[in-house]
1. Can you tell me which residue within segment 190-215, out of those that are in a helix (DSSP H, G or I) and of a type in the set (S, T, N, Q), is farthest from Met243 (Cα to Cα)?
2. Looking at Ile254 and the list (1) farther than 18 Å from Glu145 by Cα; (2) touching a residue at least 40 places away in the same chain (Cβ under 8 Å), which single condition is not satisfied?
3. When you check Glu272 against the structure, is it of a type in the set (Asp, Glu) and either under 16 Å from the mean Cα position of the chain (by Cα) or in the same structural domain as Ala135 (by TED's automatic domain parsing) (or both), yes or no?
4. Give segment 148-170 a look and list any residue that's in a loop (DSSP other than H, G, I, E, B), within 30 Å of Gly30 (Cα to Cα) and free of Cβ contacts under 8 Å to residues at least 60 places away in the same chain, or say none.
5. So Ala34 ticks every box in (1) modelled with pLDDT under 95; (2) closer than 27 Å to Glu255 by Cα but one. Which box is left unticked?
6. Would segment 99-106 turn up any residue that is over 17 Å from the mean Cα position of the chain (by Cα) and buried (at least 24 other Cβ atoms within 10 Å of the Cβ)?
7. Just one of the numbered conditions (1) farther than 27 Å from Gln186 by Cα; (2) within 24 Å of the chain's Cα centre (by Cα); (3) hydroxyl-bearing (Ser, Thr, Tyr) is not true of Tyr379; which one?
8. Filter segment 69-92 down to the residues that are small (Gly, Ala, Ser) and touching a strand residue (DSSP E or B) at 6+ places or on another chain (Cβ under 6 Å), then identify the one that is nearest to Gly141 (Cα to Cα).
Amino acid sequence: MINFDFEPRTRLVCGQDSIDRLGELALELGIHRALVITDPGIVAAGHVQRGLDSLRKAKIDSMLFDGARENPTTDDVNAGLKMALRYGPELLVGLGGGSSMDCAKGVNFLYSNGGQMQDYWGVGKASKEMLPMIAVPTTAGTGSEMQSFALISDSQTNVKMACGDTKASFRIAILDPLLTLTQPAQVTALTGIDALSHAVETYVTKRRNQLSLVFSRESFRLLAGNFQHVINDPEYVNARAAMQLGAAYAGLAIENSMLGAGHALANPLTAEYGISHGQAVGVMLPHVVRYNGKKHNAWYQELISVIADFPGGPAVSNGAYGLADFLTQVVKAAGLEVKLESLGVSRQQLPALAAAAAKQWTGEFNPRRVDAGSLQQLYEQAF
């Protein structure tokens, strides 16, 4: 038995139209002033208005900050902080994709503990309790609603900082699959690949344990079994619900296991080339699986056995190579690229990207040791 310490901090509320319970659930936390943090696209989709209506129906005074951008930066967090300082909320609501939820966590760090975002890069840097928060994800991707990490990019250096503290966990996560129906097809594809990568990477990290494996396996089953359904039939609500729950389970797996080299390789691609995170990790993950499989093939074989009977699923006997091929097929079927060259990456830039990837925190948890040299080889294989 591998030691672990699991303390559930987030209440999970699932169901169609559950966003309408936002006000009721906020009242249970004993608050009367809420700041909703989101982005303009979610406002345009009408989801924010439903959330605000629910809060106001519960007689909760509410304000809106819609400045959370994709891959939120310290500038976005600071802009949200200014509104929080002016308004004095008792509750923060992260309504949207992972960017909105991460921005809400970032605002909470600074509002409750002061300083700047760089002060919280790492784990356990917050000294004071933080405001309660509710997450309302509108995608099935990051799993941010179920984990205590905020991914915030330094606006000056473009370095993506993982800022984690158990105090930054959401008190409640509301999973309403109907909110994901308005996603553009590209967003569905990118977030789905991201969630799938979380299930795969958490299953093999150095910190894997009996609990994280449960979340990783079930996440992989739900995501791999329903991803193609939501691509082919975007209105299939049951598949949407399964993807949303799978992403949440993957978030719990991250909280208890962390990620690996796939994410270490993906982050510099986003920072240097602006490649969407789901696309970046989708290109790199199959190569990481093959690399890790040379030492841990049995683990990957265990994982793909979960979907061995699925139509088009990989052969269990192929282990890591079968899983890697399956992941490449999924990325292609989603209409995404599978080569770095197709994304405009320069081969001459690969050494610099590898050096940046070697500094990424998640690489430390990869089950097989990685360094700048091995990471460059993985970039070369993906080129």
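The values are calculated or read from the model by the stated rules, or taken from the named source; none is laboratory data. Note that the structure is a prediction, hence the values are computed from the model and not measured. All Cβ positions, even for glycine, are placed from backbone atoms using ideal geometry, and neighbour counts span all protein chains on display.
1. Residue satisfying both the conditions and the ranking: Gln210.
2. Result: Ile254 fails condition (1) only.
3. Answer is no for this residue.
4. Result: Asp165, single match.
5. (1)
6. Checked against the condition, which is being over 17 Å from the mean Cα position of the chain (by Cα) and buried (at least 24 other Cβ atoms within 10 Å of the Cβ), segment 99-106 yields no hits at all.
7. (1)
8. Gly80
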